[in-house]
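Peer 1: Handing you a structure now.
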Amino acid sequence: MDRVTIFDTTLRDGEQCPGASMNTGAKLEVARALSALGVDVMEAGFPIASPDDFQAVHTIAQEVRGPVICALARCLTEDIDRAGEAVRGAERPRIHVFLATSKIHRERKLEMARKEILELAVAGVTRARRYVEDVEFSPEDATRTERDFLAQVVGAAIQAGATTINIPDTVGYAVPAHFEKVIRQLLEDVPGIDKAVLSVHCHNDLGLAVANSLAAAQAGARQVECTINGLGERAGNCSLEEFVMALKVRQDLYGLATGINTERLYPISRLVSAVTGMAVQRNKAIVGENAFAHEAGIHQHGMLKDRRTYEIIDPAEVGVVRSRLVLGKHSGRHALAARIKELGYQLTDEQLDACFAQFKVLADKKKEVFDEDIAALADDLVKEVPRVYVIDTFHVSSGSATIPTAAVRLRKNGELVEDAACGDGPVDAVYKTISRIVGISPTLTDYHIRAITGGRDAQGEVNIEASYEGRTYRGRAASTDIIEASAQAYLDVLNRIVSSRPQAEAGPAERPRL
């Protein structure tokens, strides 16, 4: 299977997105994540742009190993010299030089003739070769450049020593059929083009950056330039996660592969969103909040039968824990029943019918019905949590110079059982002690406290979520003492677990995974 080189430019073109600037520390954090992701080339910045940009490229070149570290430069002496200094010390350095070639750029921006452009391109590549053996050349605005002149410039750059030729769709003007034709003609018409890797860099002004990149890869391009979350100038660049997963899902069509660790796509998407402040749209492919969420009842029914009915990607492949069945007004009885079971409730058919009717009324009032809402509906039907164990007394010792310790006495069928344990804090100590007594140690997945009344004597409500043997259980309690409320909420969870399984199954206590 042919391999496509993934050239990530999140730290350069992605950072040029208005409002997405990153300092050196943030860039280094993202660079390390990109290395772990498995990108082949990392364009770390545009060193001539500012002292901070130079420092960021230089720091990444010194500290990040694995990918090729690339610096961008115009075909100007000062730019190239600065880029050469920035990547000095990199394990695998590259300089990427570019020069506009389209008629509108030649005449309106550069005020140069074709001959001058050719001479400047050759001089730029030649000077970059003084610093590194790996030089990339880009004819800016290539898709609006006359085909004969584009081929002429590309050929000259290769003769001058360029090892990668990148064809940028700088303003997102191309469409797939057009762009595929551009790539095929270059491969056919440029002498010696087999001596260089043919690359593409697509912008998303018409929403076609990923489609154009795929068309180019199908035509023979073997490097694709892209960014995390599709960040970049104006409407952005080709989205790395979308391009990579398109090749992976449709290997039958493309027969192409990348070296990307796809399980890291979702985590790095969240990291880039956090450091840039650029939120990912909910319906963004692959990494959006709704990418693996299903609300329509027909879809949810299919998902409960077999995930593949409505998902072409296993969420785990991109680092998402699981698909999400969003409960709303479009959801059906099957999805509600499945969620109620996950929350640890066992309703009769009559109770489920009543719950579904109440759920539909609630769903008409809310965009999304949350697990807490469903738990409240179920609680009203089952009336109360089975009280197998009841707290009799508890004592907690905690302080800055004291190891948090809890002693708890529970009552079960009139008999008193007690134990003690240490923890990372008073709540942790109480939970460990209760788990030792009951003999069940669920994994605590959520713990939330809120004040339900005002003033210094306010009651605190504790809501917790825990998983045990593949099922999710919730508990809640309120008290003016948050340790007591926390203990009661946790015991609610354990009572739900105990009441839903034969007592004989409860074995020796494990260390709670809090």
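Only the coordinates and a few stated rules stand behind these numbers; no lab work does. Keep in mind that this is a model prediction, so the values were computed, not measured. Backbone-built Cβ (ideal geometry, glycine too); neighbour counts: all protein chains shown.
Peer 1: Between Y431, G255, S398, whose Cα lies farthest towards the positive end of the dipole of the chain when Lys and Arg beta carbons carry +1 and Asp and Glu beta carbons carry -1, centred on the Cα centre?
Peer 2: In the chain, that residue is G255.
Peer 1: Are there trypsin sites (Lys or Arg not before Pro) in segment 1-97 that DSSP puts in a loop and that have at most 14 other Cβ atoms within 10 Å, and which ones? Numbers along the way, then the final one.
Peer 2: Working: sites: R3, R12, K27, R32, R65, R74, R82, R88, R94; in loops: R12, R65, R88.
Loop-located and lightly packed - R65, R88.
Peer 1: To continue, here is another question. With the dipole of segment 1-78 worked out from charges on the C-beta (+1 for Lys and Arg, -1 for Asp and Glu) around the Cα centre, which of A61, I48, A26 lies farthest toward the positive end?
Peer 2: A61
Peer 1: Next up: Leaving out same-chain residues fewer than 8 places away, which lysines sit with a Cα under 18 Å from that of K365?
Peer 2: K329
Peer 1: Of A73, G470, G236, which is farthest along the charge dipole of the chain in the positive direction, counting Lys and Arg as +1 and Asp and Glu as -1 at C-beta?
Peer 2: Projecting each Cα onto the dipole axis, the largest value belongs to G470.
Peer 1: Moving to a separate point now. Find the relative contact order for the chain and round it to a whole percent, using C-alpha pairs within less than 8 Å whose residues are 6+ positions apart.
Peer 2: Answer for the chain is 10 percent.
Peer 1: About the Cα centre, and with charges only on the beta carbon of Lys, Arg (+1) and Asp, Glu (-1), how big is the dipole of the chain? Nearest 20 debye, please.
Peer 2: Computed charge dipole of the chain: roughly 360 debye.
Peer 1: Separate question: I need the per residue convex hull volume for segment 2-276, using only the alpha carbons, in cubic angstrom as a whole number.
Peer 2: Spelled out: Cα convex hull of segment 2-276, divided by residues, is 111 Å³.
Peer 1: Per DSSP H run of at least 4 residues, take -39500 (n - 2.57); add these up for the chain, divide by its residues and hand me the 222 nm value, nearest 500 deg cm²/dmol. Spell out each step's value before the answer.
Peer 2: Details: 16 runs with 195 residues, N = 514.
Here the helix-only value at 222 nm equals -12000 deg cm²/dmol.
Peer 1: If you place +1 on the Cβ of every Lys and Arg and -1 on the Cβ of every Asp and Glu, how big does the dipole about the Cα centre of segment 389-505 come out, in debye to the nearest 20? If you can, show how the numbers build up before the last one.
Peer 2: Values: 12 positive and 15 negative charges, 40 e Å.
It works out to roughly 200 debye.
Peer 1: Go through segment 180-193 residue by residue and turn each phi into a ³J(HN,Hα) via Karplus (6.51, -1.76, 1.60, θ = phi - 60°); whole Hz please, and just put x for glycine and proline.
Peer 2: 4, 5, 4, 5, 4, 5, 5, 5, 8, 9, 8, x, x, 5
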